[in-house]
Amino acid sequence: MQNSLNTQNSNFSNKSVLAHSEVTPAKKSGALGKIRKSCAKPTPKNGENVTINNDIAKRNQIFRLQKISADTLRNTTFKKDKKAGVCSCCKYRNGSGKAITVKYDLNKNKASYANLLRCNSVWLCPVCARRVSEVRRDELLTVSEKWQAGNYSQYASEYDKEINIDNPDFTKKNSIFLVTLTVRHKRSDSLNDVLNALKHGFHSLIRNTPGRKLLAKYGIAHHVRSLEVTYGNANGWHPHFHCLFYSFFTLTEEQLQAFRDELAALWQKQFKKEWELFKPNLKNGVDVADGSYANTYVTKFGEEIPCRRLGEKVDLEMTKAHMKKAKEIDRFTPFEMLEHLEDSPYLIPRYIEYAKAFFGSKQLKYSQRLKPLMGLVELSDKEVLDELDAKEQEEQQEVLTVNKTLFDILYFNNLRGEFLAMIEMDIKKDGLESRFNNTNRFIKTAITQVFDHLDIALKKTDVKNIKRIQKIQDRIIACTRILENPLVLKGE
């Protein structure tokens, strides 16, 4: 069954509507009439307990951070004068000619929006990052599990002729090492400078003869590299690489420590001449851990997420690092910055600096032959989301068509998550045949608040400003049409 928003003409007076409203008008106004989030929640009737659980709060937070990122980058241009895609993501229709709809997944009991633009950015958009990073995580786990379970030693000479697969000093068994590489930095360093030094060091390490010989010595034929960055008030930007090294050998604790010491000494040597300022010390420049054991957890958006089969939170460190919580109080991951921009405005230029430095970067970089060896096809982030959308199209059922004016109000007032929550609540209670009572009340409350602000704005506008008056009146009419009867069943 498909439902739609009623857009019939209405003769309602905005004053009469407000007179019968139990909602307290908000004090702030904005583009479409900003409202207080607490005032927009539906008022429980007949003792009905309407609660917002943790899952809903997490989704609300993701939508909220997306809008903060978009607002922060609205006037920022990137390479070739491009604008940040997050500024349009999940805000406008995708150009397919179809209206914005809400679809429902019966298996997951989740509602979601369809026919909206997507920016595909894992670095700047919490909404797209959540979806893309989960696919990347699955890819990484597939590669790692196949490597650990398979026998690829027959390819050793093909991939690196310097690897002695029958070296008696090591146990021949496929394994994975998690290596973290960092450089020296200080607060005055720009992110671009530190990032360029880090990339220079890695490329030199992997491509030059000493580095290739060291990796070959320990049976390492492939790698996957991910980039993480945090910002600290004391020492500034801290970009670093998490790398999975895929080896034909399993190392003892002593061998693992020897590998770490040799790698740290060689890592230091990559920073000469103009890179000398970024030369790391032997203690902090390199960390090596076995990446093959024991499940652990990492916090992302305040949520404890278990690793899946790889140890030391390897899969999460590699794919969701920019979304987790920083360990130190005065240190921020990029999405944590978004949470604190209002109370810490000094972070705004830092977030913009981060956005420019990471614009267009890949989340994961695989060594050249690894994905083909594992039978995986290289997909761009856009292709990943397109595949997800196509899959969801088959699995989900359309339940509502959303009026664009209503959607704008939900967007500008950070209510997109709660709107979906109300739909889920109604369907959970009454099924797809629901009359959406909770959703109706939610919309009426939100629209009434906006209505009030538009009415005030109209009274305060100079009578000579005809263009603004007309714009406000058009919005009042649009809100009135929605407010009269927010949701009706198709055919009524």
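The values are calculated or read from the model by the stated rules, or taken from the named source; none is laboratory data. All values derive from a computational prediction rather than experimental measurement. Note that we place each Cβ from the backbone using ideal geometry, even for glycine, and neighbour counts take in every protein chain shown. All accessible areas refer to the heavy atoms of the entire protein, side chains included, with ligands and DNA or RNA removed. Shrake-Rupley method; radii C 1.70, N 1.55, O 1.52, S 1.80 Å.
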Q: Could you tell me which numbered condition TRP267 fails, if it satisfies all but one of (1) open to solvent by less than 10 Å² (accessible area, probe 1.4 Å); (2) under 12 Å from LEU178 (Cβ atoms); (3) more than 31 Å from the chain's Cα centre (by Cα)?
A: (2)
Q. Can you name every residue in the range 156-175 that is in a helix (DSSP H, G or I) and surrounded by fewer than 17 Cβ atoms within 10 Å (Cβ to Cβ)?
A. SER157, GLU158
**Q.** Residue tally, condition touching a residue at least 12 places away in the same chain (Cβ under 8 Å) and part of a helix (DSSP H, G or I), over the range 433-476
**A.** 26
Q) What's the number of the condition ARG225 fails, among (1) surrounded by 20 or more Cβ atoms within 10 Å (Cβ to Cβ); (2) at pLDDT 95 or above; (3) not hydrophobic (A, V, I, L, M, F, W, C)? A) (2)
Q: For ASN284, indicate whether it is farther than 27 Å from LYS67 by Cβ, modelled with pLDDT of 85 or more, surrounded by fewer than 17 Cβ atoms within 10 Å (Cβ to Cβ) and not aliphatic (A, V, I, L, M).
A: yes
Q.
Go through the range 359-400 and report how many residues are over 20 Å from the mean Cα position of the chain (by Cα), of a type in the set (A, V, I, L, M, F, W, C) and buried (at least 18 other Cβ atoms within 10 Å of the Cβ).
A. 5
Q.
Just to be sure I understand, how many residues within the range 195-215 are crowded, with 19+ Cβ neighbours inside 10 Å and more than 15 Å from GLN268 (Cα to Cα)?
A. 2
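Matching residues to (1) buried (at least 18 other Cβ atoms within 10 Å of the Cβ); (2) assigned to a helix (DSSP H, G or I); (3) modelled with pLDDT of 90 or more:
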{"position": "ILE62", "(1), (2), (3)": "yes, yes, yes"}
{"position": "LEU65", "(1), (2), (3)": "yes, yes, yes"}
{"position": "ALA70", "(1), (2), (3)": "yes, yes, yes"}
{"position": "ASN75", "(1), (2), (3)": "no, no, yes"}
{"position": "LYS80", "(1), (2), (3)": "no, yes, no"}
{"position": "CYS89", "(1), (2), (3)": "yes, no, yes"}
{"position": "GLY97", "(1), (2), (3)": "no, no, no"}
{"position": "LYS103", "(1), (2), (3)": "yes, no, yes"}
{"position": "LYS108", "(1), (2), (3)": "no, no, no"}
Q. Taking interchain pairs and intrachain pairs at least six residues apart, which have beta carbon atoms under 9 angstrom, with the first residue in the range 246-263 and of a type in the set (Val, Ile, Thr) and the second open to solvent by 70 Å² or more (accessible area, probe 1.4 Å)?
A. THR250/THR171; THR250/LYS172; THR250/LYS173; THR252/THR171
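So that you can scan it fast, the table gives a plain yes or no per residue for (1) more than 31 Å from the chain's Cα centre (by Cα); (2) in a helix (DSSP H, G or I):
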{"site": "ASN120", "(1), (2)": "no, no"}
{"site": "VAL132", "(1), (2)": "no, yes"}
{"site": "ASP138", "(1), (2)": "no, yes"}
{"site": "GLN148", "(1), (2)": "no, yes"}
{"site": "GLN154", "(1), (2)": "yes, yes"}
{"site": "PHE177", "(1), (2)": "no, no"}
{"site": "ARG187", "(1), (2)": "no, no"}
{"site": "ASN192", "(1), (2)": "no, yes"}
{"site": "ALA197", "(1), (2)": "no, yes"}
Q. Among the helices (runs of 4 or more DSSP H) confined wholly to the range 340-432, which include 3 or more residues that are of a type outside the set (A, V, I, L, M, F, W, C)?
A. 347-358, 381-395, 404-412, 416-430
